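Data first, discussion second: the structure below is written as structure tokens.
The values are calculated or read from the model by the stated rules, or taken from the named source; none is laboratory data. In this text the structure is predicted, and so the values were computed from the model without any measurement. Quick reminder, even Gly has a Cβ in these numbers, built from the backbone with ideal geometry, and neighbours come from all protein chains shown.
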Amino acid sequence: MKIVVSAGPTREKIDPVRFLSNRSTGRMGYALAEAAAALGHETILVSGPTALAHPTAVRFVGVESAAEMAAAIKREAADADCVIMAAAVADYRPKYVAAEKIKKSGGSLTLELERTEDILATLGAETGGNCRRILVGFAAETECCREHALEKLIRKNLDYIALNDVSRSDRGFCSENNALSIYARDGRCLELPLASKREIAAAMLEIVLTKPTVRNQSENEEAMQ
Ligand code: CTP
């Protein structure tokens, strides 16, 4: 199979020396790419800036901004069998990027932000019918976790969503370990208890690559009730 995995944060430029970003380390996405390659799949890792070494046996595509990530993912997803979006893509970027370094002044500074493209939602809108690829997202939540994850699964038309409870410091963002609840579009929920990101990645791939979901919107919505 051709498997595309995104990982890491994006950087949204403010001026030539500053950007908006987030605390994603990229570890979960890199572990998924390594696990996919170890299973013998053609694996493409589209990554924002991280401190991690490039995994072996993986084609690496480095990007910075959400727009660059969107372009790379859409290009690679065209003939992919599975796309897993583990990247923490910025939802907003500065509306205007200053050509020169912004100098401080006495008063406050207001940055106007605009929405970035939701890459998963774009892919989800194309998926179904003749487009058979498996689409997997992540949801990082701090409250009403299940409800938010299921809402994203439906809205973005995904096969699976992996819920990270980021209110817990022993897992997810900036941790070596993770625990996930994986919701399928047909209503199944599979719990992956706390383990290393490497073990979680292998278990998650086993689920999303070998247990196909039903691609039928009304059937799915019924299952969720
Ligand atoms: N995602 C994406 N494109 C974006 C933003 C996010 O493809 N511009 C993907 C992420 O890679 C992840 C999932 O969407 O798989 C996260 O969904 P999202 O609704 O963005 O979750 P949050 O960022 O947690 O959003 P919110 O703040 O609304 O909860």
### Query
For the range 1-78, which strands (runs of 3 or more DSSP E) that fit wholly inside it have 1 or more residues that are touching a His at 6+ places or on another chain (Cβ under 8 Å) and of a type in the set (Phe, Trp, Tyr)?
59-62
#### Entry: Residue check, GLY137 within 22 Å of ALA90 (Cβ to Cβ) and surrounded by 14 or more Cβ atoms within 10 Å (Cβ to Cβ)
yes
### Where PHE173 falls short, out of the listed (1) modelled with pLDDT under 90; (2) in contact with a helix residue (DSSP H, G or I) (Cβ under 6 Å, 6 or more places away or on another chain); (3) within 13 Å of the ligand (Cβ to nearest atom)
(2)
### Task
Answer yes or no as to whether LEU192 is in contact (Cβ under 8 Å) with a residue 40 or more places away in the chain and over 25 Å from GLU76 (Cβ atoms).
no
### Among (1) away from the ligand (no atom under 16 Å from the Cβ); (2) outside any loop (DSSP other than H, G, I, E, B) - the single one ALA140 does not satisfy
(1)
### Message
For the range 117-137, give me the residue count where each residue is assigned to a helix (DSSP H, G or I), touching a residue at least 24 places away in the same chain (Cβ under 8 Å) and more than 10 Å from the ligand (Cβ to nearest atom).
### Response
1
### Message
Based on this model, can you work out whether VAL97 counts as more than 20 Å from TYR160 (Cβ to Cβ) and without any contact (Cβ under 8 Å) to a residue 60 or more places away in the chain?
### Response
no
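Mind listing whichever residues of the range 7-63 are among the β-branched types (Val, Ile, Thr) and touching an Asp or Glu at 6+ places or on another chain (Cβ under 6 Å)?
To start, the set of residues in the range 7-63 that are among the β-branched types (Val, Ile, Thr) comprises 10, 14, 17, 25, 43-44, 46, 50, 56, 58, 61, 63.
Passing the criteria: only ILE44.
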### Message
So, ASN164, is that one assigned to a loop (DSSP other than H, G, I, E, B) and either touching a residue at least 12 places away in the same chain (Cβ under 8 Å) or of a type in the set (D, E, K, R) (or both) or not?
### Response
no
## Note on the structure
The one condition SER65 fails out of (1) of a type in the set (Gly, Ala, Ser); (2) away from the ligand (no atom under 13 Å from the Cβ); (3) over 18 Å from MET204 (Cα atoms) is (2)
